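Contents: one structure, followed by commentary.
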Ligand code: ATR
C-alpha cells in the first residue's frame, strides 16, 4: 500500500486526507493518506522516508512551506518562483519540491468564470500563501497588483521578490476590481479586518482564501454591499487535485460528494 501524508503545525484542521482518500477509493488506488503534526527538526526524517520509498508523497502546510526548500534535491519552476513548496515526490531518486498553490488559485479563479485579464487586484496579507497568489495573478495577466498588510515590514520583505507589486498603506482605500483576503482573519467566526469595505464601491469581486467558515465577515459584508464573493474552497480542492495528478498521473473527478467533504 502506498503512503501519503500532509505535515504542518497545527495540522488538526487539515481536510487533505478526506480529499485524497476519497479519490483513492474512487480510482481503486491502494494507498492511504494521513495527517502528521511536525516539528521543524523532523524535516530531514520526512525527506529520508521519501528517499527510502517509505513515503510516496507529502503535502506541506503552514508553517513549513519555505523550510522544506533547503532539504529537497530539486525544486520545480513554480516552487522557485514562489519560494514555497507544498508537494514532495521522488523522481529519478531525487526528492522534488513542487508548489500546487499557484495552479490551485488559477484554476479556482477560472472555475468562477471571473475574467481577471487586465483587472486591478488588491491582496490583503503577506503570509505563506501570498507569493503563490501573486505568481498566479501575474500568469493570468492582471493589469496591476497592490498589496497591503497590517505589518508593513513583513510586506516589504515579501515584495523584495516581486518588484512589480505596489505596496499600499493599511488604511488606504484604492480603486481596484478584485480584493483578496489572504490573511488568517476570519478563521474564527465573526473576526473582522477592521477595513471599511464601502470605500471599494459596488460590483467588485471579493475573494477569501478561507473556506471554513464558508462565509467570513469579510465576504458577508462585501456581499451585502452588492459585490460578487467567493471563498477559498475551490482553491483548496484544486491544489489537492494538482498534487494528486502529479503523484498518480490521474486527473480525479471533482464531484459534488467531494465538494461536500470540504464544506462540512
Ligand atoms: P504565515 O504564513 O506568515 O505563518 P499566515 O497565517 O499565512 O502566516 O498569514 C498571516 C497573515 O494574516 C499576515 O499577513 C498577518 O499580518 P501580520 O503580518 O501583520 O501579522 C495577517 N493577520 C493576522 N491577524 C491579523 C489581524 N488581526 N489583523 C490584520 N492582519 C492580520
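The values are calculated or read from the model by the stated rules, or taken from the named source; none is laboratory data. None of the values given here were measured: they were computed from a predicted structure. Please note: Cβ atoms are built from the backbone with ideal geometry, for glycine as well, and neighbour counts cover all protein chains shown.
Taking the stated definitions as given, is residue 21 within 16 Å of the ligand (Cβ to nearest atom), surrounded by 15 or more Cβ atoms within 10 Å (Cβ to Cβ), modelled with pLDDT of 95 or more and within 17 Å of residue 243 (Cβ to Cβ)? No; evaluated as a whole, the condition is false for this residue. For the structure I just gave you, tell me whether residue 83 is crowded, with 19+ Cβ neighbours inside 10 Å and under 30 Å from residue 177 (Cα atoms). So residue 83 fails the test.
Taking segment 210-245 as the range and being closer than 19 Å to residue 35 by Cα and touching a strand residue (DSSP E or B) at 6+ places or on another chain (Cβ under 7 Å) as the test, only 243 passes. Taking segment 137-160 as the range and being within 16 Å of the ligand (Cβ to nearest atom) and surrounded by 17 or more Cβ atoms within 10 Å (Cβ to Cβ) as the test, the residues that pass are 145, 146, 147, 148, 149, 155, 158, 159.
In this entry, residue 115 is excluded by the filter for residues that are in a loop (DSSP other than H, G, I, E, B), within 16 Å of the ligand (Cβ to nearest atom) and under 25 Å from residue 203 (Cα atoms). Going by the conditions given, is residue 105 touching a residue at least 60 places away in the same chain (Cβ under 8 Å) and either buried (at least 19 other Cβ atoms within 10 Å of the Cβ) or part of a strand (DSSP E or B) (or both)? When the stated conditions are applied, residue 105 passes them. Only residues that are assigned to a loop (DSSP other than H, G, I, E, B) and within 30 Å of residue 254 (Cα to Cα) were counted across segment 16-58, and they come to 9. Contact map, segment 128-139: residues that are outside the structural domain of residue 184 (by TED's automatic domain parsing) paired with residues that are outside any helix (DSSP H, G or I), Cβ distance under 8 Å, separation 6+ or inter-chain. No pairs are found.
Does residue 95 count as surrounded by 14 or more Cβ atoms within 10 Å (Cβ to Cβ), in the same structural domain as residue 33 (by TED's automatic domain parsing) and assigned to a strand (DSSP E or B)? Judged against the criteria, residue 95 is a match. I'm trying to understand the selection: among the residues of segment 59-89, which are under 21 Å from residue 32 (Cα atoms), touching a helix residue (DSSP H, G or I) at 6+ places or on another chain (Cβ under 7 Å) and either within 14 Å of the ligand (Cβ to nearest atom) or in a helix (DSSP H, G or I) (or both)? Correct list: 60, 86.
Scoring residue 127 on the criteria (1) surrounded by fewer than 17 Cβ atoms within 10 Å (Cβ to Cβ); (2) more than 21 Å from residue 103 (Cβ to Cβ); (3) within 15 Å of the ligand (Cβ to nearest atom) leaves a single failure, condition (2). Just so you know, in segment 111-121 the residues that are surrounded by fewer than 22 Cβ atoms within 10 Å (Cβ to Cβ) and touching a residue at least 12 places away in the same chain (Cβ under 8 Å) include one that is farthest from the chain's Cα centre (by Cα), and it is 118.
Of the residues making up segment 163-187, those that are closer than 18 Å to residue 206 by Cβ and away from the ligand (no atom under 13 Å from the Cβ) are 168, 172, 173, 174, 175, 176, 177, 178, 179.
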